[in-house]
Every structure is written in C-alpha cells, then in structure tokens.
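This report refers to the structure that appears directly beneath it.
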Amino acid sequence: MNYSFKKITILTGHYGVGKTNLAVNMAMYLRRTGTVSVVDADIVNPYFRTADFKRLFEDNDITSFCPMYAGTNLDTPVLDFDMENIIASGDRVIIDVGGDDAGAFALGRYRHIFQKYANNTDMLYVFNMYRREDFSPQEAAGILRDIEGACGMKCTALVNNSNLGAETDFDTVRSSFEFGRELEGLTGLDTAFTAVPEGSPQNEGFFEVKRMVELPWERSSR
C-alpha cells in the first residue's frame, strides 16, 4: 500500500460501512512502526465499537480510549476526551467516529485541536456500496456533505470499504470500483486506499484487512 498515514486519522461514514473493523486493522498495522492510540468516538452505535477490542489492544501495546459508559446498557451520548494530550502523547491516533452527521456532530467540539494539526490530519470518508441494495454514489456524496456540515471539518479523502461481511471476496470489492470512481467525481476527493480481504491480489492501492468485528448473533452463538 502506498498510502502514508498521517499522525491523526479520523474515520467517518455511513452507519454500518465497517469503520470499526477498519480502525482495528489500521491500529494493528500501524503498531509495527510506532505507538498507536485508538479513540472510540462513536456515541451512536452500541453494537460495533472499538471499545470491544480493549484486550486485543492491550496485548499489542495499543492504547485505547472510549466514552465512560461504552460497553454498558447506558446510552449516554457524551464525549469527554483530553484529545490534545492523546494526540501529543503518541505517534499516531485513529479516531473511530459514529455514523452519519449524528455521529460526526460530537467531533466538532475538538475541531480547534485538529486545526492545530491541519497538515498532519486526514479525515477519511469510508464508503460501502453494499450498505443497501439501492445505495447510490449520489446518496453517499450527500452523507459526506452532511458529515462535514455537522462537525465543521472537511473530508480529505475516500476509503473504499465495500464488503459483504463474511461473504466478501476480491470480486466483491472489484465490483465496487466503478461506484468509487463516480463518488470521486461527485466529491472531488481521491480514494486513499481500498480495503480488500486477506489473500487478495497485491496492489499499491489496496489495504488488506481481516474481519475482526462479529455480528451480535455470531457472538451469541459461540
């Protein structure tokens, strides 16, 4: 992969596009070359969150931060991180943001901090063309604009994370390339990289990911 991660990587996007799975894979990738912190800034979705990987992170010397009530049955949409200290204390920081504009709204409180690191921050818009059967590039572009409006920040690049969960293979991803090209045209943004399943063909624009996040019924069946 030829994409160079900056000090701060913010992951935004539609509900259910796979941001959390991507964040975990990115953290595992980046810890090979330096210190990594993962901030769970998802105040919307209680099912898939980086807080669920606390043990994995601890075992791999990855520092994680999550809202006070993450992992409980209390729905308290509050973020209270010392973001400036988190950013200053490590080499790289990955921030997993909740879906759509509702999830991105809370990110805006830290906008003034990210502005200090403007040249070393990427806000990546993660898309999955399979999120819904009728999901279109036009709708994806609209969600991106809503997210930017909610947090007062601009996305810097796209990430193609088109997948069908456990059924994903390289053909699944390859079929999304035209969707991605159309979304690039609508937004004026380049695709930073495309997430592909393990064992896919090698390409400088591909980032190989492992499926880490389990669906609720998969966890309950173990």
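The values are calculated or read from the model by the stated rules, or taken from the named source; none is laboratory data. Computed from a predicted model, the values in this text were never measured in an experiment. With ideal geometry, Cβ positions are generated from the backbone for all residues, glycine too; neighbour counts draw on all protein chains shown.
This table checks each residue for (1) touching a Leu at 6+ places or on another chain (Cβ under 9 Å); (2) surrounded by 13 or more Cβ atoms within 10 Å (Cβ to Cβ).
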| site | (1), (2) |
| --- | --- |
| Asp122 | no, yes |
| Met129 | yes, yes |
| Phe135 | no, yes |
| Ala150 | yes, yes |
| Val159 | yes, yes |
| Leu164 | no, no |
| Thr168 | no, yes |
| Arg174 | no, yes |
inquiry  = Among the residues in segment 20-32, are any aromatic (Phe, Trp, Tyr) and at pLDDT 95 or above?
reply    = yes
task = Kindly indicate the residue of segment 97-113 that is of a type outside the set (A, V, I, L, M) and crowded, with 21+ Cβ neighbours inside 10 Å and also farthest from Gly18 (Cα to Cα) among those meeting that condition.
result = Tyr110
request  = For residues that are touching a residue at least 40 places away in the same chain (Cβ under 8 Å) and either surrounded by fewer than 14 Cβ atoms within 10 Å (Cβ to Cβ) or touching a His at 6+ places or on another chain (Cβ under 9 Å) (or both), tally how many sit in segment 186-204.
outcome  = 1
task = Within segment 112-131, identify whether any single residue is on the phi > 0 side of the Ramachandran plot and without any contact (Cβ under 8 Å) to a residue 12 or more places away in the chain, and answer yes or no.
result = no
key: Hits in segment 93-120 - residues which are part of a strand (DSSP E or B) and more than 23 Å from Ile143 (Cβ to Cβ)   = Val93
Residues within segment 72-95 that are modelled with pLDDT under 75, among the β-branched types (Val, Ile, Thr) and farther than 19 Å from Thr20 by Cα, tallied = 1
Of the criteria (1) part of a helix (DSSP H, G or I); (2) of a type in the set (A, V, I, L, M); (3) in contact with a Cys (Cβ under 9 Å, 6 or more places away or on another chain), which one Met123 fails = (1)
